[in-house]
Amino acid sequence: MRPPPLKDDCFAMPPGVDWTPVDVALTRLRDGLHTVVGSEVCTLSEVAGRILAADVIAPRSHPPFSNSAVDGYCFACADLPDTGIIELPLARGRASAGVAFDGRVPAGHALRILTGARLPGGVDTIVLEEDCTITPDRIAFRRGLKPGANMRPVGEDITAGDVIMTAGMRLRAQAAAALASTGVAQVSVYKRLRVGVLSTGDEVVTGGVADSSRIYDANRPMLLAQVAAWGCESVDLGHVRDDRAAVRQKLDAAVRQADLILTSGGASAGDEDHISAVLAESGGLQTWRIAVKPGRPLALALWAGVPVFGLPGNPVAAMVCTMIFARPAMGILGGEGWRLPETYQVPAGFSKRKKPGRREYLRARLRSGMAEIFASEGSGRVSGLAWAEGLVELPDGAVQVAPGDMVTYLPFSGM
Ligand code: AMP
Ligand code: MG
């Protein structure tokens, strides 16, 4: 079933909003968007990174039958004599994994049982073989075992009919074990969100050799790699010159290939900011002046119904805006729901004074349990992007951070 289209005004800010605080921008994104991808069936070996599209109900309990957790001897606890040392005659035969013991264990007897074997009728407790003295027809062990010891009862982990995973859950490899164990062989997952990445600017070179007045395209490989790492299907939309007709043509083609388009560069309101100029033609352009550093205006629009995030051109700003704004939006569009980055309070390994008015993200990493920050805050410093393993988030208000003060750290791995 095709989800309904997004609303034309999904990025509209209330009138009068000038500098938009980060939290207001995030709330607008959360409330204006909804899931746009359909679903498909996925086998268990492919579930890692996929988003469940429907709840999963266990068809079978786990464990599906009561079984032994150890190699040892099983018996009925209630039959044990009231002595310090317990001696039991051994019943003939044994129970092993995959080969059930045929019949019941006679009262007052023990039976050889191996790990994973179905518990035979008439017994409820297992003693480890290491705790027994064993002769061909008897075992002896010390008293003190509780009823049910060393036994895994049917359904102790999962009961048939239980909802074991809910729609919107991002599946990790480990989920395959729980699914497989309850007899689920395939699940319904959302199709991967197709995220198109487009670079803009006459100074930006893609492929070939950059002459002395041009620069290599840093944003496109970075953003393509990042969206793929987030489990999306990355769609390379290439590069477009600073030319409105060319931008229009690119967007027209892009909406057929992508569910979300990330552009970088040309998103401000200057003469050469052709992304915002063209998006304005669509009628739905919203230029968000978000009170965030790094990050200039974020241009948001629907192009033929497909959301476009016009990111700043500076690689650091492009990345921060992608992680802070586009990533949570991708969660909603892709069926995972609103997902903010994981945050941790950690001691600062740096000093910094910050004025009020803008939230600030610093390239950072943890060393010896403290957050250290990259030497420069320059938003064109790509070396700091490679150096960092996360961001330190400084609040909207003024702060004065001294070494040892607690600061908020957002690891890249938790985005
Ligand atoms: P703009 O947002 O277009 O004004 O660009 C801001 C800065 O980012 C300029 O210095 C651009 O040259 C630079 N820039 C824009 N796009 C890219 C890109 N794809 N890779 C590296 N730098 C870029
Ligand atoms: Mg430009």
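Worth pointing out:
- For the range 248-272, filtering for residues that are within 12 Å of ligand 1 (Cβ to nearest atom) and surrounded by fewer than 24 Cβ atoms within 10 Å (Cβ to Cβ) leaves 5.
- Pair list, Cβ under 8 Å, 6 or more apart: the range 211-231 residue in contact (Cβ under 8 Å) with a residue 60 or more places away in the chain, other residue more than 15 Å from ligand 2 (Cβ to nearest atom) and part of a loop (DSSP other than H, G, I, E, B): 230/415; 231/49; 231/50; 231/192; 231/334
- Residues within the range 90-140 that are open to solvent by less than 20 Å² (accessible area, probe 1.4 Å), within 14 Å of residue 68 (Cβ to Cβ) and in a strand (DSSP E or B), tallied: 8
- The single residue among 333, 340, 298, 302 that is more than 16 Å from ligand 1 (Cβ to nearest atom), crowded, with 22+ Cβ neighbours inside 10 Å, farther than 19 Å from residue 224 by Cβ and in contact (Cβ under 8 Å) with a residue 12 or more places away in the chain turns out to be 302.
- Check on residue 220, within 30 Å of residue 39 (Cβ to Cβ), within 27 Å of the chain's Cα centre (by Cα) and away from ligand 1 (no atom under 16 Å from the Cβ): no
- Considering only residues in the range 186-203 that are within 11 Å of ligand 1 (Cβ to nearest atom) and over 16 Å from residue 310 (Cα atoms), the one that is surrounded by the fewest Cβ atoms within 10 Å (Cβ to Cβ) turns out to be 203.
- Evaluation of residue 163 against (1) surrounded by fewer than 20 Cβ atoms within 10 Å (Cβ to Cβ); (2) free of Cβ contacts under 8 Å to residues at least 60 places away in the same chain; (3) not acidic (Asp, Glu) (one fails), failing number: (2)
- Qualifying positions in the range 223-246 - within 12 Å of ligand 1 (Cβ to nearest atom) and either β-branched (Val, Ile, Thr) or not assigned by TED's automatic domain parsing to the domain that holds residue 323 (or both): 240
- Residues of the range 38-71 that turn out to be open to solvent by less than 60 Å² (accessible area, probe 1.4 Å), touching a Phe, Trp or Tyr at 6+ places or on another chain (Cβ under 9 Å) and over 30 Å from residue 359 (Cβ atoms), as a count: 4
The values are calculated or read from the model by the stated rules, or taken from the named source; none is laboratory data. Please read all numbers here as calculations on a predicted model, not as lab measurements. Glycine gets a Cβ as well: all are built from the backbone with ideal geometry, and neighbour counts include every protein chain shown. Just the protein is used for accessible areas: all its heavy atoms, side chains included, with ligands, DNA and RNA removed. Shrake-Rupley method; radii C 1.70, N 1.55, O 1.52, S 1.80 Å.
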